[in-house]
Structures are given as structure tokens and as C-alpha cells.
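Every number in this text was worked out from the coordinates using simple rules, so none of it is lab data. In this text the structure is predicted, and so the values were computed from the model without any measurement. Neighbour counts run over all protein chains shown; Cβ positions are idealised from the backbone, glycine included.
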Amino acid sequence: MTQHREVAIIGSGPAGYTAALYAARANLKPLVIEGMQPGGQLTITSDVENYPGYPEGVLGPKMMADFRTQAERFGAEIAIGLVTEVDFSKRPFVLTTEFDTVHAEAVIISTGASAKLLGLEKERELMSTGGGVSACATCDGAFFPGKELVVVGGGDTALEEANYLTRYAKKVTLFHRREVFRASKIMLERARRNPKIEFRVPAEVEDILTGPNGKIRALLARNPLTHESEEFATDGLFVAIGHEPNSKIFRGKVDMDETGYILVHDGSRTSVEGVFAAGDVCDKRYRQAVTAAGMGCMAAIDAERWLESRR
């Protein structure tokens, strides 16, 4: 089946649903193709306390359900499925999904990014249940006042996360599998000067151990040189080994940086006229729900004005 749309939005989450809300209120009748993780990363997040409008906090899946419902109220159509191929070489643009083909006059890419994880059995479960595992210090650091935490990673992101967490934590231990850090010298020195940060190198996390309450109580830490393992007590684990933008199907179709983040200019415009991007797929700096939502708003307004200029 082939259908034609004024605006098609690839991906959901705060950016996609906000873009849909604004496009729908502009009578553009947008189609949102949700992707493999409807609602984005927030659907595997427990409490969200830093989004305006939820003074008591909200569960991530509940917030995304609210976003979706509001977009649908104004006429946005939500389609289950995954875009497997795009053709931006002609207009209307062609999006191929598992179930049909969509021709769109304008496209908004909001496929997000995925945090790189350690691949441990309990990792995702503890992230989604508030069990003490996180990939975002800005999002979850305030949940650990006076606690002892572990940050895993060796780049600038890991050191920034560790420094940030010392605002709340009693102690932060940085695990890195090598003795040499990839981080910049200035970030490494800043962390070394912080009295709340301790270094444990080389060290790898072999397993996550939980207590009777289902929350993290310790890590099974392994020295990769001696191959010895021991328990390391902690109240929380922050994984900071990087993020990967969900942009593979757009390679060669729009300009990206060397790590795969889509490049935007003049708001949300990509290198292809009529194709816009919003949220974590083009934002490697902030990666917050509120900034993603703002970028979704920008993309919808940019798309609306671009379409109007062509009439």
C-alpha cells in the first residue's frame, strides 16, 4: 500500500511526538512512524523529575503516552513500524516501511540515539525499574543524595558525569578498563582534583549484584590484567561509554558528522531541502527530553514554513 502525506515523521519520543503535535495543529495531518522503540529512550526510564509540567515527577512511559495522546488529539496519525529505506533524491520523498510505502512532501527525522551499555544481564531491567542503573547523570543524579556511586568509562563524558554526580553523592568511583584515559587532559585533571572522586583502573564490571529490595548493592569488579574478581559495594551504577545516534539508514542521504549525528543548520534543516531533524539524532550535547521536545517544535515549524513557501 502506498500513501501520500504532507509531513512524515520518522521516530517518536519527545522530539517526534512534539513535532507531530505542532504539525497536526497546523493542519498538516502528519504521519508518525514510531520505529523499533515507540516513545524512545524514556520508555525504559522510571521516574522523570526534570520535565516542566510534572511537579510530582512522572514515569517515563506515562509521559510518552501523554505526548502521544496529545498529538493524536489534534489529528496526528501514529503508525507502528520501522522505516527500512529512504529516498531523498526526488520529491515527494519515499519512505519504505515493513508494511507499506509513504510518499511525503517533507520529512522530519527524530530517530533519537541509544546509550551504549555494558551488555550485562540485569542492566536494562534495573534501568527501567529504578534499580540503580542509569546512563544519564543529569537525569538521575538527584536520586542519589549522600550515596556511593560508580561511573564506568574513560572519555570526557564519563569524567563530566563523575564530576556532576559529586553534587549529590558522597563518593564517586570511576571504573575504566585501561590505565590510559581517552578524556582530554583538562577533564582528567579536574576529576583528579575532585576530593569526592576515586579512580579504580584497570577495572571492568563483570556483573551487577542486587539486594532483597531488587536494587543494586554491589558490582562484581574484575581486573583485566590479573583476572581477579571481587565485590565492590555501591548504591548506583552510571554507564558513560557513549551514545550512538540511530541514523544508519540515513547514511549517504543527509550530511552527518564522523560519529553519525545528523548535521543541521538554520534551525532544524539538514543538507537536503525539505528534510529536517530533531532530538538526539542530531544533538550530541544536551540529550534531554525537554531539549528534544523543543527541537521537535522547531522542526515542525520549519517544515510548515518550508511547505508554505513552495505553494
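In table form, for the structure just shown:
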read-out: Length added when fully stretched, Arg190-Glu258, from 0.36 nm per residue minus Cα-Cα; value: 21.8 nm
read-out: Three principal axis lengths of the chain [C-alpha, angstrom, descending]; value: 65, 38, 32
read-out: Difference of contour (0.36 nm per residue) and Cα-Cα distance, Glu244 to Thr101; value: 48.8 nm
read-out: Gaussian network model of the chain, springs between alpha carbon atoms under 10 Å - residue of Asn194, Asn163, Asn246 with greatest fluctuation; value: Asn194
read-out: Chain lengthening between Arg251 and Thr84 when straightened (0.36 nm per residue, less Cα-Cα); value: 58.9 nm
read-out: Amide N of region 60-101 lying under 12 Å from the label point, which is placed 7 angstrom from the Cα of Met1 along Cα→Cβ; value: 79-80, 99-101
read-out: Furthest towards positive pole of dipole, Met63, Ala8, Met298, structure part the chain, Cβ charges; value: Met298
read-out: Principal-axis tilt of helix 13-25 within the chain, Cα atoms, nearest 10 degrees; value: 20
read-out: Fraction of beta bridges assigned by DSSP in the chain that are antiparallel (%, nearest 5); value: 45
read-out: Selection from Ser134, Leu209, Leu165 lying farthest towards where the dipole of the chain points positive, charges on Cβ; value: Leu165
read-out: Rounded tilt (10° steps) of 156-165 against the dominant C-alpha axis of the chain; value: 70
read-out: Over the chain: helical MRE at 222 nm, DSSP H runs n ≥ 4 each giving -39500 (n - 2.57), nearest 500; value: -7500 deg cm²/dmol
read-out: In degrees, nearest ten, helix 60-73 long axis to first principal axis of the chain (Cα); value: 10
read-out: Pairs beyond 32 Å (Cα-Cα), from Lys29/Lys62; Lys185/Lys253; Lys90/Lys116; value: Lys185/Lys253; Lys90/Lys116
